[in-house]
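The values are calculated or read from the model by the stated rules, or taken from the named source; none is laboratory data. Given the structure is predicted, the values throughout are model-derived calculations rather than measurements. Counting neighbours? That spans all protein chains shown, and the Cβs are built from the backbone with ideal geometry, glycine included. In case anyone asks, the SASA skips ligands and DNA or RNA and just uses the protein heavy atoms, side chains included. Shrake-Rupley method; radii C 1.70, N 1.55, O 1.52, S 1.80 Å.
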Amino acid sequence: MNLTSRIATYEFENPLMNASGVWCDDAEKLNEMVQSPSGSFVTKSATPNFREGNPSPRYFEVPLGTINSMGLPNLGFDFYLDYSIRFQNENPGQVNFLSIAGMTLEENLEMLHKINDSEFKGITELNLSCPNVPGKPQVGYDFERTKEVLTKTFEFFKKPIGVKLPPYFDIAHFDEMASILNQFPLQYVNCINSVGNGLYIDIDKEEVVLKPKDGFGGIGGAYVKPTALANVRAFYTRLNKSISVIGCGGVENGRDVFEHLLCGAQMVQVGSQLAKEGTGIFERLLKELKEVMNEKGYESIEDFRGKLKSI
Ligand code: SIN
């Protein structure tokens, strides 16, 4: 069975990868991602320098998913850039995704300049959608700002790059954001980041489960799958064909992976369920995806990718 997937000129053995933030913040976890059968991996969204992130508890597992308010804890940009360059040098022909999330436009441009001037041959992911930094609204919800960030980026940036978007909930917003994204030579958009600022409460204690932001945090897992699929589909049908879509949200089994691919995703990321289950999940998802494809008589992802039917 052929599970080959592509983003830009890069080919991956299968479409699975982690969602940025999950199993990718230090060398030990990144090494586990490299050892796993996932098709690729993305590093934790980096800021120029080490960041402690929000106070704990800042992550909580619930029956239908997770809620987090991590606040971008990370080892600093240089660590993830060095790791990615070492990975590509030790694994000729393979590349990973390098995620960045500056606190300001200037921080993003500073990191993008460093990537542009480095030996990094992989794909950069510009995270425009972290909902968890107090006082910093999600850039992806500000259309003018998004256009400004992309304009400034493409004034000099010459390497493959995609953006991680927040979920949108209105057809007018899908239309408006797609028309902005279509003006730039992006390789992909990643839909979706967590559904921002949800609230999960402990009914026995009658209190919130997270310390930062009075308990408000990004929701992932089964709760968000319909929103994730809608965003994948909405952007797949609106973007220039040169811009791929990466699907992220609510993947717990092979059928969920199949659904993201059917909506048009090229790669499919796993967040909450990877955090719960560890990298062993990739072997299970690949087996389950192959079972679904087998049941339906498909031999390659291209047989059904994007071919969701209307009624
Ligand atoms: C976080 O570190 O708060 C999560 C990252 C993200 O949602 O982009």
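Residues that are open to solvent by 20 Å² or more (accessible area, probe 1.4 Å) and not small (Gly, Ala, Ser) within the range 182-199 comprise Asn182, Gln183, Phe184, Pro185, Gln187, Asn193, Val195, Asn197, Leu199, listed in sequence order. Could you give every pair whose Cβ atoms fall below 7 Å, whose first residue belongs to the range 149-160 and is more than 12 Å from Leu126 (Cα to Cα) and among the aliphatic types (A, V, I, L, M), and whose second residue is at pLDDT 95 or above and not in a helix (DSSP H, G or I), counting only separations of at least 6 or pairs across chains? Taking only residues 6 or more apart or on different chains, not a single pair turns up. Answer yes if at least one residue in the range 12-27 is touching a residue at least 24 places away in the same chain (Cβ under 8 Å), open to solvent by less than 20 Å² (accessible area, probe 1.4 Å) and closer than 27 Å to Glu148 by Cβ, and no otherwise. Scanning the range 12-27 turns up at least one residue that is touching a residue at least 24 places away in the same chain (Cβ under 8 Å), open to solvent by less than 20 Å² (accessible area, probe 1.4 Å) and closer than 27 Å to Glu148 by Cβ. Screening the range 48-73 for residues that are in a loop (DSSP other than H, G, I, E, B) and without any contact (Cβ under 8 Å) to a residue 60 or more places away in the chain and picking the one that is farthest from the ligand (Cβ to nearest atom) gives Pro63. Within the range 99-115, residues that are in contact (Cβ under 8 Å) with a residue 12 or more places away in the chain and within 16 Å of the ligand (Cβ to nearest atom) have Cβ atoms under 9 Å from residues that are of a type in the set (Asp, Glu) and in a helix (DSSP H, G or I) in these pairs: Ile100/Glu107; Ala101/Glu107; Gly102/Glu110, counting only partners at least 6 apart in sequence or on another chain. Take the range 200-233 and flag every residue that is within 16 Å of the ligand (Cβ to nearest atom), open to solvent by 60 Å² or more (accessible area, probe 1.4 Å) and over 14 Å from Cys248 (Cβ atoms). If the condition is that a residue be within 16 Å of the ligand (Cβ to nearest atom), open to solvent by 60 Å² or more (accessible area, probe 1.4 Å) and over 14 Å from Cys248 (Cβ atoms), then Tyr200, Lys211, Lys213, Asp214, Phe216 are the ones that fit.
All of Ser5, Ser45, Ser40 fail the test of being among the hydroxyl-bearing types (Ser, Thr, Tyr) and either within 12 Å of the ligand (Cβ to nearest atom) or touching a Cys at 6+ places or on another chain (Cβ under 7 Å) (or both), apart from Ser45. Screening Met33 against (1) more than 16 Å from the ligand (Cβ to nearest atom); (2) open to solvent by 10 Å² or more (accessible area, probe 1.4 Å) leaves a single unmet condition, (2). For the residues Met111, Met103, the requirement of being at pLDDT 95 or above and surrounded by fewer than 16 Cβ atoms within 10 Å (Cβ to Cβ) singles out Met103. Restricting attention to the range 21-30, the residues that are aliphatic (A, V, I, L, M) and within 13 Å of the ligand (Cβ to nearest atom) total 1.
Selection of the range 228-242 for residues being among the hydroxyl-bearing types (Ser, Thr, Tyr) and part of a helix (DSSP H, G or I) yields Tyr236, Thr237.
Are any residues in the range 74-89 open to solvent by less than 20 Å² (accessible area, probe 1.4 Å) and in a helix (DSSP H, G or I), and if so, which ones? Show your work before the answer.
Narrowing the range 74-89 to residues open to solvent by less than 20 Å² (accessible area, probe 1.4 Å): 74, 76-77, 80-81, 83-84, 87-88.
Hits for the range 74-89 are Phe77, Tyr80, Leu81, Tyr83, Ser84, Phe87, Gln88.
Each residue in the range 243-276 was checked for being among the hydrophobic types (A, V, I, L, M, F, W, C), closer than 21 Å to Ser300 by Cα and not in a loop (DSSP other than H, G, I, E, B), and 11 of them qualify. Going through (1) under 23 Å from Ala8 (Cβ atoms); (2) touching a Phe, Trp or Tyr at 6+ places or on another chain (Cβ under 6 Å) one by one, Leu274 falls short only on (1). When Pro160 is tested against (1) under 23 Å from Ser20 (Cα atoms); (2) touching a helix residue (DSSP H, G or I) at 6+ places or on another chain (Cβ under 9 Å), only condition (2) is not met.
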